[in-house]
Each structure stands twice: as structure tokens, then as C-alpha cells.
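Here is the structure we will look at.
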């Protein structure tokens with residue numbers, strides 16, 4: 001098949017995949033949680049098309065050529081998201097959501113806002129007191145900031161450098177505020193939440209996040225409201241707010257790329273953004289797919305699976321890849337490439353199905369927690385979901401081989417058992433009282 005026919009076929013199938021993903025995100029309250037994943041996977045597919053046209057890959061030091069990688073990546077993604085939709089709807093059909101009646105909303109808002117303000121104060125204080133700020137320094141980036149330049153590196157262990165839980169907490173409060181009638185108090189809380197969210201996005205910019213961090217924050221901020229008000233015209237009601245946030249994000253990304261090395265290589269910030277989104281987003285899959293086609297396979301599956309992107313960087317990177325690793329730089333979109341390298345094509349099919357089942361169960365449970373205001377369980381479940389997103393982005397499964405993930409799962413199970421025991425105790429108490437009366 002010549003490249004033009006291959007391009008038209010793959011591009012048409014990708015367009016159909018995009019249309020179905022958007023449609024399902026608008027129709028299914030669970031599928032909306034995968035928008036972060038399918039958005040970047042579509043860019044990875046288009047990136048492979050671009051690479052297969054003969055584009056030069058900086059990180060690999062080679063020119064791309066047609067291998068069929070884009071079409072295969074599309075097929076594996078279609079399998080994953082189709083399985084997620086089927087299993088999430090099956091799990092959600094059995095779910096009974098108890099809408100929590102919140103009697104002291106002002107106390108809840110005050111607690112969340114105070115917690116977020118304290119986190120932002122710690123993050124900004126650390127930036128100001130550190131040896132440099134990534135946005136204003138060519139030698140400092142978000143990869144080496146915490147290990148070499150941060151004044152209080154312990155903050156990274158507690159909050160992490162993405163801290164998307166801040167966006168989720170503010171989004172959950174915004175979701176509750178939508179249910180309240182108009183009042184000065186409601187306006188006050190919405191403005192406060194908007195200011196804190198803007199400060200959080202600005203912090204991500206100062207820390208050196210170019211796109212993914214800000215995009216993930218916006219996704220998690222709007223997810224509770226989007227899922228709750230899906231059939232009540234949420235998009236129509238807040239389309240201008242979403243468009244304004246999108247424009248602000250693009251402007252911040254433009255500023256971030258204005259003086260970057262990639263902008264100088266590509267010929268300008270707009271060209272750098274285009275090359276980053278289309279030229280580099282999917283090159284790891286292209287290189288891994290080519291290596292597997294040439295007969296290379298993992299010799300230590302568990303070790304390679306746990307290392308994820310590091311394994312793939314050594315596999316597809318150029319001779320200078322070690323310099324990237326030493327600086328803390330990592331390539332993007334290592335999943336499902338790591339599954340292909342470790343398990344082969346047949347094993348990757350099974351991995352896609354199992355991963356979709358796991359993510360579907362996690363999303364359905366998180367969706368139910370959004371209505372119960374259980375801050376502890378919601379935080380634990382959200383952390384597991386963030387680890388899953390990181391795994392599906394980088395291909396690094398090491399977190400799920402650690403005691404930390406096991407501890408979070410066990411702790412979440414304990415709190416769930418305590419909640420059910422408390423519920424059963426209340427039910428039995430009411431039954432006993434009704435018999436006495």
C-alpha cells in the first residue's frame with residue numbers, strides 16, 4: 001500500500017475513533033474520565049502518521065518511514081476504549097448511588113479552600129526560596145528541580161510535582177455550588193475557587209509544565225461537574241468558561257515554548273508546539289513497533305515492565321539518550337509500547353483488556369464517591385486513578401509493584417468496610433427502634 005492510501009485510510013479511521021470518543025464522552029458519565037487518555041493517544045496516532053511520512057525524530061536521531069505503526073496503534077487503542085466502555089457501563093449498571101445530603105456546605109467549602117490555600121502557599125514558598133524557577137532558567141526544568149534546586153524537596157514526596165488533587169478538590173466544590181440557588185455567598189465561593197485554580201495553573205507554568213500538567217488539571221477540575229450535569233446542558237451553560245480556560249492554556253503553552261531550544265530548532269514557538277504535539281508525541285510507539293517487527297523482545301519482562309519508559313528510552317533512543325536520562329528527562333507515551341515490547345502482540349491484546357477492566361472499576365467507584373463526600377476514600381481512590389493515568393502515559397508499572405500501592409488499596413478497603421459496618425449498624429438500630437415503637 002502506498003503512503004497516500006495508507007494515510008487516507010488511517011486518518012479516516014482515526015477521525016471515526018475521535019468522533020466516537022467525543023460522542024461516548026458526552027453520553028456516558030464514565031467514559032468522560034478517559035478523555036485525558038484518548039486525547040493524547042489520538043495525538044500519538046497522528047504523530048505516527050507524521051513520522052511515517054519521513055519526518056526526522058530528534059530523540060532517536062533517525063528519519064521515519066512507513067511501517068504501519070499508526071494503524072496498529074489505532075487498533076490497540078480501539079480495543080482498550082471499547083472494553084472500558086462495555087465494562088464501565090456493566091459495573092455502573094449495578095451501582096446504586098446514594099446522594100449525600102450535606103447540611104454544612106460552608107464548612108466543607110472552608111475546609112477545602114483552606115487546605116488548597118495551605119498547599120499552594122507551601123508550593124509557592126518553595127519556588128520563591130529555591131535556587132531558581134524552571135520557567136525563568138534554561139538549566140532548570142521540572143525534571144531536575146526537585147532533586148537539585150528545590151529548597152524543600154520533601155514537598156515533592158508529600159504533594160508531588162503535578163498535585164492534580166488540588167484541581168479535583170476545587171472541582172468537587174464547584175460541582176456542589178452548581179446545585180445551590182443564586183446568592184452572594186455562592187458568588188463569593190465561586191470567585192474564590194476560580195482564583196485558587198488560576199493560581200494552581202500559574203504554579204504549573206512556573207514549574208515548567210508545558211501542556212500535560214495544565215490539561216490534566218483542567219480535566220480533573222471539570223470532571224465532577226461534567227459527569228453530574230451531563231444531561232442538564234453543562235457544556236451549553238459553561239461553554240464560554242471552558243473556551244476561556246482553553247485559550248488561557250494555549251497562551252501559557254506559547255509563553256513556555258517562546259524561548260525553548262525546540263522553538264529555535266523548529267523555527268518559532270508555534271512550529272515548536274506543532275512539532276511537539278505531532279512530531280514527538282508518538283515516536284516511542286513507532287520505534288518500539290519497529291524493534292518488535294525486527295525481532296527484538298524483552299529478556300527480563302518484570303524488570304522492563306516496572307521500569308517502563310527507561311526501558312523504552314534505551315530501546316529506541318539515540319546514542320545521546322543517556323544524557324536525557326541523567327538530566328531527568330523522560331520521553332512521552334510509553335503505553336501501550338511497553339506492553340508490545342514485553343508481551344508481544346497477543347500479550348498486548350490481553351493487557352489492553354485487563355487494563356480497561358481495572359480502569360473501569362476504578363472510575364465507577366470514584367464516580368460513586370463524588371456523591372458521598374467521603375474525603376478520605378475519595379483522596380485514596382483519586383491517587384490510585386492518578387497512578388493509573390501515569391502508568392498509561394509513561395508505561396511505568398513500578399508503582400503497582402510497590403508497597404505504597406498495596407497500602408493505599410488496603411487502606412481504601414478498610415475505610416470501605418468501616419463505612420458499610422456503620423451503615424449496617426444504623427439500619428439495624430432503626431429496625432430495633434421501629435420494633436420497640
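Which of the residues that make up region 326-350 are in a helix (DSSP H, G or I) and buried (at least 20 other Cβ atoms within 10 Å of the Cβ)?
Hits for region 326-350 are 337, 338, 339, 340, 341, 342, 348.
Can you tell which of 318, 323 is more than 25 Å from residue 220 (Cβ to Cβ) and not in a helix (DSSP H, G or I)?
Being more than 25 Å from residue 220 (Cβ to Cβ) and not in a helix (DSSP H, G or I) holds for just one of 318, 323, which is 318.
For region 285-310, which positions are surrounded by 24 or more Cβ atoms within 10 Å (Cβ to Cβ) and within 25 Å of residue 402 (Cα to Cα)?
Of everything in region 285-310, just one residue is surrounded by 24 or more Cβ atoms within 10 Å (Cβ to Cβ) and within 25 Å of residue 402 (Cα to Cα), namely 308.
Given 201, 216, 223, which one is within 17 Å of the chain's Cα centre (by Cα), more than 17 Å from residue 125 (Cα to Cα) and at pLDDT 75 or above?
Only one candidate qualifies: 216.
Among the numbered criteria (1) outside the structural domain of residue 31 (by TED's automatic domain parsing); (2) modelled with pLDDT of 75 or more; (3) part of a helix (DSSP H, G or I), which one does residue 155 miss?
(2)
Could you grab me the full set of residues in region 1-13 that are surrounded by fewer than 22 Cβ atoms within 10 Å (Cβ to Cβ) and assigned to a helix (DSSP H, G or I)?
3, 4, 5, 6, 7, 8, 9, 11, 12, 13
What is the number of the single condition among (1) closer than 19 Å to residue 359 by Cα; (2) in a loop (DSSP other than H, G, I, E, B) that residue 26 does not meet?
Condition (2) is where residue 26 drops out.
Considering only residues that are without any contact (Cβ under 8 Å) to a residue 40 or more places away in the chain and more than 21 Å from the chain's Cα centre (by Cα), which ones fall in region 1-43?
1, 2, 4, 5, 8, 11, 12, 15, 16
When you go through 60, 66 one by one, which is the residue that is outside any helix (DSSP H, G or I), at pLDDT 75 or above and buried (at least 19 other Cβ atoms within 10 Å of the Cβ)?
Checking each option against the conditions leaves just 60.
How about region 134-152: which of its residues are at pLDDT 80 or above and under 24 Å from the mean Cα position of the chain (by Cα)?
Result: 134, single match.
The values are calculated or read from the model by the stated rules, or taken from the named source; none is laboratory data. In this text, all values refer to a predicted model and were calculated from it rather than measured experimentally. Neighbour counts are summed over all protein chains in view; Cβ atoms, including those assigned to glycine, are modelled from backbone coordinates with ideal geometry.
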